[in-house]
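As structure tokens, the structure follows; a few thoughts come after it.
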Amino acid sequence: MKTHQEPFVLYKRDRKGYGSFYYYSINESSGLPSDVCRKEQRKSTGCGLKADATRFVLDRIRELEKRHNLTKKSLREYMDPYFVWTTCPHVARLLDEQKIINEQYVKARRSIMERYIFPDDLLCDKTITEIRRGDIVDFRRRLLDRSIGFRTVNVTVGIVKTIFKEALYREDIDRDPTAGVGNIKYKARERGIFTKAELRELFQETPGYWRDLKAYCAGFLMANTGVRTGELLALRWQAIEETNLHIEAAFKDWQQIGLPKWEKTRTIPISTDVLDVLEQLRDDSIRVAPDDFVFAYDDGKNFGRCWFRSTFVRALKAMEIPRVERSLSPHSLRHSLNSILLNEGCNIIKVQYFFGWSPITAPVLTPVHRGYTHIGVDDLRELIPVIQSIFS
């Protein structure tokens, strides 16, 4: 008659000079495969008390069961909750650690997953424990064969890397098959900028080359202050105070508002030229309450990024500037102002504060110096005459 076998066996061993410890062996009656059980024989629990040793082995069995279940789950199934704001374990961990990540970034990564990763059956039909480094390299090759841009290929493979690194961090897998898989090297196209003469002509008349007064004002404000598109569209009338502009919010996507990039709010001076244009826009607008958006439809709903991009493209076309050939985008207005200020010899630290650069991406000062350096809005006013000279 076959006797009942316990899921595991505990036995005590004395170690000279260290005391007594419990060891364990896991049996097939635990429900684990025989090859897994063979690896879990005569191992130490590190516990001197039987109750502690029992808890240790039960936790170990649960961990092994979880890993065994992963061998039945395809990569597609494992990746399914990733880069969804409410279910992604990677996002949840970063938020718990007070790291910076926003919904726009997560949605963009999810869109890439659904477009380029999930449809690849050769990769996604395999279980997560089956995948080898060669599978990742082959997947990258298939992306390149589709004539996808190098940057998109790197971002797509980077998403797979992030998921496997998170799986390794959570100890769902014992090894990371993406380790050692590098990015495709390519020469990035440098963003184009405007000359001072082009900026002067682009804004010499109201609305001139621009669709209407709102479009002209948005472009003129960006060209004079270097605000990012998300910051521009999140501006409310209350952010304009005398000769200062408070940049305290930015659109992360078409409906989510958060802090500006790098979580850096700032107050910058604006010229009388900008104030005059804003005053014209206020007189021409229906909704001008302090909490109303500066750039909005008549019903108060904010304009989106497509609105400003389309007006920008239209203005450059009217001015006969080859936008695509010169890699010009709305962000080029920010790049242009930054380049002009530095070329005119303006203080780089004040330029950094004016644009809201991150100290990580623009390490002008050491961490110690940053702690001792305080730049106020009045210190930035010396930049205004240089900016005004561009457009006068």
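No lab work stands behind these numbers, since they all come straight from the coordinates. Quick caveat, the model's predicted, so the values are computed rather than measured. Cβ sites come from the backbone with ideal geometry, for glycine too, and all protein chains shown count toward neighbours.
Counting 0.36 nm for each residue step from Lys99 to Thr267 and taking away their Cα separation leaves a gain of 58.0 nm.
With r defined as the distance between the Cβ atoms of Ala318 and Lys196 and R0 fixed at 25 Å, what FRET efficiency is calculated, to the nearest 0.05?
0.80
In terms of other Cβ atoms within 10 Å, Lys107, Lys187, Lys66 run from fewest to most in the order Lys187, Lys66, Lys107.
What FRET efficiency comes out for Ala188 versus Arg115 if R0 is 30 angstrom and r is the Cβ-Cβ distance? Round to the nearest 0.05. Efficiency computed from Cβ-Cβ geometry: 0.90.
Only the Cβ atoms of Lys and Arg (+1) and of Asp and Glu (-1) were treated as charged; on that basis the dipole of the range 196-391 about its Cα centre amounts to roughly 800 debye.
Using a cut-off of under 18 Å, list every residue of the range 260-286 whose amide N is near the label point 7 Å from the Cα of Ile349 along the Cα-to-beta-carbon line. Residues 267 fall inside that zone. Extension gain, Glu6 to Leu49, is 13.5 nm, computed as 0.36 nm per intervening residue step minus the present C-alpha separation. As a proxy for reagent exposure, Glu248, Glu40, Glu171 were ordered by neighbouring Cβ count within 10 angstrom, fewest first; the result is Glu171, Glu248, Glu40.
Under a model in which nothing but the beta-carbon of Lys, Arg (+1) and Asp, Glu (-1) is charged, the range 69-170 shows a dipole of about 260 debye around its Cα centre.
For a test of the definition: using alpha carbon positions, the gyration tensor, and the 1.5 limit on a/c, classify the range 8-70 as rounded, prolate or oblate. Prolate, since a/c reaches 1.5 and a/b exceeds b/c. The overall shape of the chain, judged from the alpha-carbon gyration tensor, is prolate: a/c is not under 1.5, and a/b is greater than b/c. For the residue pairs Lys107/Lys196; Lys16/Lys165; Lys12/Lys39; Lys185/Lys261; Lys214/Lys261; Lys107/Lys317, alpha carbon separations beyond 29 Å are given by Lys107/Lys196; Lys16/Lys165; Lys107/Lys317.
Applying 1/(1 + (r/R0)^6) with r as the Cβ-Cβ distance of Ala179 and Glu279 and R0 = 45 angstrom yields a FRET efficiency of 0.15.
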